[in-house]
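The next block holds one structure in the form of structure tokens; read it before the comments.
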Amino acid sequence: MLRSPRSGDAGQAFPIYITVVAGLLFLAFAYLAVGQAAANRNGAQTAADAAALAAALDTRDKLTDNWLENVLDPEKWQDIFDGEGVPLGGCGRAQELAAQNNATAFCTPLTGLPPGYQVDVTTTETVGDSIVPGTENTKSKATATAVIELRCEFDPPGEDAEDEVLPELRCGDTDWQLDPDNLDDLPGPEDLFDVHLTDGQGNDE
């Protein structure tokens, strides 16, 4: 009995169909693996950014507190604004923030001007099982750096300056006329300092 041509064509097409479907499934799983890795790297970078900013903000607040304690002694202002006398002790906050984002952090204070912190994080979770060998043990790493930059300028007092007169602070677009007899209206941390991230990068390992 002869088979119809249509039946023969269908039999030949079936293996091709299986091959195409298998290929599409492989590509789908490959894209899934890439997506898992990208999500893990993004999580690592988020953790690094948050940790570095937390460390820098902690130190910014301490610098502000030190300035407020010495606001009536403008001869000390520049040293305070340059970070002298205030230890870069924000790494504890960096580690806390990294842990909250499922990562561990190695934090390095950056001395000099502007001061800041470099934070290297490793995710506590791996990329996960996928068709890519070894991903079940792969963790993502990322680095972020945050710095603290003074936003204000002032003219240091001269030798003939009167004790009861404080220098004017020019912070961005705002001028602060400081009255030693009325210190209720003073610039806050965000007025005095700008905290921002510099370049960071992530990878898998």
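One table, with the values for the structure above:
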| read-out | value |
| --- | --- |
| Where a residue in the range 171-197 is within 20 Å of Ile80 (Cβ to Cβ) and its partner, wherever it lies, is of a type in the set (Gly, Ala, Ser), with Cβ under 7 Å and at least six apart | Val195/Ala56; Val195/Ala146 |
| Within the range 117-148, considering residues that are surrounded by 14 or more Cβ atoms within 10 Å (Cβ to Cβ) and charged (D, E, K, R), the one modelled with the lowest pLDDT | Lys139 |
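The values are calculated or read from the model by the stated rules, or taken from the named source; none is laboratory data. Just so you know, these numbers come straight off a predicted model, no measurement behind them. We place every Cβ from the backbone using ideal geometry, glycine too, and count neighbours over all the protein chains shown.
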